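Student: Below you will find the structure I want to go over with you.
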Amino acid sequence: MRSKLLILFLCVCVACTNSRLNKENITITVDVEKIPEYGFVISNQDGHMQTLEFDTNRHAEYIIENLEAAYLTLHNGFSENINFYAEKGDQIHLTYDGISMEKTLKTNGVRQPIIDYLKKIKISWIDPQNYTLGITEFSKLLEKEIKKNLVLLDSNKTTLSKASKKFITLEQNRIKYLMGISLLNYPEKHQKAFPNSVLQINKEYYNTLKEWMQEDATLLCLNEYQYFMLKSSSILAELGIQTNTPYEKLLAQMKYIQSHLKNEQVKQSLLTILAHDYIEQNGIEKIEELDQFYRQHITDPQLKSQYETVFNSWATIAPGQKAIAFNAADSTGKMFSLQDFKGKYVYIYLWLNVYPCIKEYKTLKELQPLLDEKKITLVSLSLENDQEQWKNALSNQEIQTGLHLYLGQNKDFLRAYHYDSYGIDQFIMIDPHGNIIQTHAPKPSSEEFKNLLQSLSKI
């Protein structure tokens, strides 16, 4: 599961001065002497990374809304990183020369004892050989391993409590649920230890999962807690039922959470994460049951607003809606917009100058006669940061087909079309009237693309 669990609760606003006065937020401001060559990035526990944008005064801001506490990592390019912790209302200011945090970083408003602790903590994992144990012995051993990992925290409680009493409780549970991954992995690891046997996971294993599923809304800010609760509910939801597709599994999991969890805040938050994450990845086609179930059971206005935001962002680019226009230049500087291709199908290719993207051009060249026959215009919008590098890439004979334009990192356009940078590229099919056919159309090298071509009406 490619989960983006904390994104729901991390609403990032860059260069928003008034937001700093809001005590409901966590605010981090950064001033540098020189803008970092490889960027200054803040990441959260689940790996979501936000590159800060510095203004002309070499100042940047990072705002986190609606989160009680956050474990963060500051990245100075690829060379340096520092683990941070912050709570709602914290106003953190950082300054450094833009070259070396280690040598020049100065901080104000930080909880220094916690940062010092985070530098020292190292997690000791359970020995893989212990997956051969039965679940009872394994659980007891896991509890002992958790206590070992709490030694540093326990020995520094007095100092850490002065910085934040909340941190002590959160860190205890962060370590517990981080170690809980071993419990989630137990069936698979146990089976590997006995490859020739038939795995029998009994009630004791499932009961152990249930015992670990502590319903505590104060822990929702922990990615480790969210992950364990969601993964456990997924395992338990499939007991005794048959699910064939990811969508069916999701519905079963949501129904399990609704019927078995008691704490409304925990329940509604987990349901929102599941619904939000699924729509963020798959859009809103054929999710009527999910949508109805969510709207029926969620009453929290803030959670409903988060769901509506992502739902509506996909509704605006649903098939049949007006396509979001672009403005981009060719290598000579001549500007083009979507309006220039009115009366033709437009197959947009969002791409980067990397091998997986370039590979698709081989198929596109082969399909060019068919695209011409169908009156489909191929428009390649480059996402390269450096326009000169893009122009140099155009000399590659392998990509010489269609119209090449430079879009750059137009974040509004990419965000509107739900471009996923992890996927590198994206194809968008637009009809002759400027309406969307598919925002995540099949790649030309796929069998689905041929089916899409056959479905297009003649102009």
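The values are calculated or read from the model by the stated rules, or taken from the named source; none is laboratory data. Quick caveat: nothing in here was measured; it's all calculated off a predicted structure. Backbone-built Cβ (ideal geometry, glycine too); neighbour counts: all protein chains shown. Note: accessible area is taken over every heavy atom of the protein model, side chains too, but ligands, DNA and RNA are not part of it. Shrake-Rupley method; radii C 1.70, N 1.55, O 1.52, S 1.80 Å.
Student: Within the stretch 230-249, restricting attention to residues that are polar (S, T, N, Q) and either closer than 14 Å to Ser269 by Cα or in a helix (DSSP H, G or I) (or both), which residue is most open to solvent (accessible area, probe 1.4 Å)?
Tutor: Ranking the candidates gives Ser234 first.
Student: Now for a different question. Might you check whether a residue that is outside any loop (DSSP other than H, G, I, E, B), aliphatic (A, V, I, L, M), open to solvent by 80 Å² or more (accessible area, probe 1.4 Å) and more than 23 Å from Glu87 (Cα to Cα) occurs anywhere in the stretch 161-183?
Tutor: no
Student: Return the total of residues in the stretch 353-380 being open to solvent by 20 Å² or more (accessible area, probe 1.4 Å), at negative phi and not in a helix (DSSP H, G or I).
Tutor: Summing the residues that are open to solvent by 20 Å² or more (accessible area, probe 1.4 Å), at negative phi and not in a helix (DSSP H, G or I) in the stretch 353-380 gives 4.
Student: May I pose another question? Just to be sure I understand the filter: pairs with C-beta atoms under 6 Å, separated by 6 or more residues or on different chains, first member in the stretch 144-164 and more than 18 Å from Val110 (Cα to Cα), second member of a type outside the set (S, T, N, Q) and open to solvent by 40 Å² or more (accessible area, probe 1.4 Å). Which pairs pass?
Tutor: Ile146/Lys176; Asn149/Ile123
Student: Could you tell me which residue of the stretch 42-78 is surrounded by the fewest Cβ atoms within 10 Å (Cβ to Cβ), considering only residues that are without any contact (Cβ under 8 Å) to a residue 40 or more places away in the chain and outside any strand (DSSP E or B)?
Tutor: Checked the stretch 42-78; the qualifying residue surrounded by the fewest Cβ atoms within 10 Å (Cβ to Cβ) is Thr56.
Student: If Lys344 satisfies all but one of (1) open to solvent by 50 Å² or more (accessible area, probe 1.4 Å); (2) farther than 29 Å from Lys458 by Cα, what's the number of the condition it fails?
Tutor: Among (1) open to solvent by 50 Å² or more (accessible area, probe 1.4 Å); (2) farther than 29 Å from Lys458 by Cα, Lys344 violates only (2).
Student: Please indicate, with yes or no, whether at least one residue in the stretch 381-395 is more than 22 Å from the chain's Cα centre (by Cα), more than 30 Å from Gln50 (Cβ to Cβ) and not in a loop (DSSP other than H, G, I, E, B).
Tutor: Checked the stretch 381-395: no residue is more than 22 Å from the chain's Cα centre (by Cα), more than 30 Å from Gln50 (Cβ to Cβ) and not in a loop (DSSP other than H, G, I, E, B).
Student: Next question. Could you identify the single residue in Leu350, Leu303 that is assigned to a strand (DSSP E or B) and under 24 Å from the mean Cα position of the chain (by Cα)?
Tutor: Matching residue, one of Leu350, Leu303: Leu350.
Student: I would also like to ask the following. Give the residue, chosen from Ala318, Ala275, that is within 22 Å of Ala416 (Cα to Cα), modelled with pLDDT under 95 and either open to solvent by less than 40 Å² (accessible area, probe 1.4 Å) or in a loop (DSSP other than H, G, I, E, B) (or both).
Tutor: Values: Ala275 fails: modelled with pLDDT under 95.
Within the list Ala318, Ala275, the selection yields Ala318.
Student: Can you tell me which residue within the stretch 404-423, out of those that are touching a helix residue (DSSP H, G or I) at 6+ places or on another chain (Cβ under 9 Å) and outside any helix (DSSP H, G or I), is surrounded by the fewest Cβ atoms within 10 Å (Cβ to Cβ)?
Tutor: So the residue we want is Asp420.
Student: Let me ask you something else. Please find, within the stretch 86-110, the residue that is farthest from Glu33 (Cα to Cα) out of those that are in contact with a helix residue (DSSP H, G or I) (Cβ under 7 Å, 6 or more places away or on another chain) and open to solvent by less than 50 Å² (accessible area, probe 1.4 Å).
Tutor: That would be Glu87.
Student: Kindly indicate which of Gln265, Gln281, Gln292 is closer than 20 Å to Ile241 by Cβ and either over 17 Å from the mean Cα position of the chain (by Cα) or in a helix (DSSP H, G or I) (or both).
Tutor: Gln292
Student: Please determine, by comparing only the residues of the stretch 399-434 that are touching a Pro at 6+ places or on another chain (Cβ under 8 Å) and at pLDDT 90 or above, which one is nearest to Trp314 (Cα to Cα).
Tutor: Top of the filtered list is Phe427.
Student: Would you call Thr104 touching a strand residue (DSSP E or B) at 6+ places or on another chain (Cβ under 7 Å) and over 30 Å from Lys210 (Cα atoms)?
Tutor: So Thr104 fits the description; yes.
Student: Continuing with the same structure: I'd like to know if the stretch 227-239 contains one or more residues that are within 30 Å of Pro113 (Cβ to Cβ), modelled with pLDDT of 95 or more and not hydroxyl-bearing (Ser, Thr, Tyr). Reasoning before the result, please.
Tutor: Here is the first cut: in the stretch 227-239, the ones within 30 Å of Pro113 (Cβ to Cβ) are 227-229.
Filter once more, keeping what is modelled with pLDDT of 95 or more: 227-229.
In the following step, the residues that additionally are not hydroxyl-bearing (Ser, Thr, Tyr) were identified as 228-229.
Yes.
Student: Here's something else I'd like to know. Being of a type outside the set (D, E, K, R) and in contact with a strand residue (DSSP E or B) (Cβ under 9 Å, 6 or more places away or on another chain) narrows it down to one of Thr377, Thr332, Thr309, Thr299, so name that one.
Tutor: Thr377
Student: Just for the stretch 424-448: of the residues that are part of a loop (DSSP other than H, G, I, E, B) and among the polar types (S, T, N, Q), which one is surrounded by the most Cβ atoms within 10 Å (Cβ to Cβ)? Break it down into steps so the answer makes sense when it comes.
Tutor: To start, the set of residues in the stretch 424-448 that are part of a loop (DSSP other than H, G, I, E, B) comprises 424-425, 431-434, 439-446.
This time we only want the ones that are among the polar types (S, T, N, Q), so: 439, 445-446.
On the way: Thr439: 23, Ser445: 13, Ser446: 14.
Top of the filtered list is Thr439.
Student: Show the residue pairs that are 6+ apart or on different chains and have beta-carbon atoms under 7 Å apart, the first residue being within the stretch 313-341 and at positive phi, the second being open to solvent by 20 Å² or more (accessible area, probe 1.4 Å).
Tutor: That search, which allows pairs on different chains as well, returns Gly320/Asn435.
Student: Hey, another quick one. Scan Tyr227, Tyr256 and give me the residue that is farther than 30 Å from Tyr85 by Cα, open to solvent by 10 Å² or more (accessible area, probe 1.4 Å) and either in a helix (DSSP H, G or I) or without any contact (Cβ under 8 Å) to a residue 12 or more places away in the chain (or both).
Tutor: Tyr256
Student: Looking at the structure I just gave you, is Asn83 touching a residue at least 24 places away in the same chain (Cβ under 8 Å) and open to solvent by 40 Å² or more (accessible area, probe 1.4 Å)?
Tutor: Considered against the rule, which asks whether it is touching a residue at least 24 places away in the same chain (Cβ under 8 Å) and open to solvent by 40 Å² or more (accessible area, probe 1.4 Å), Asn83 comes out as yes.
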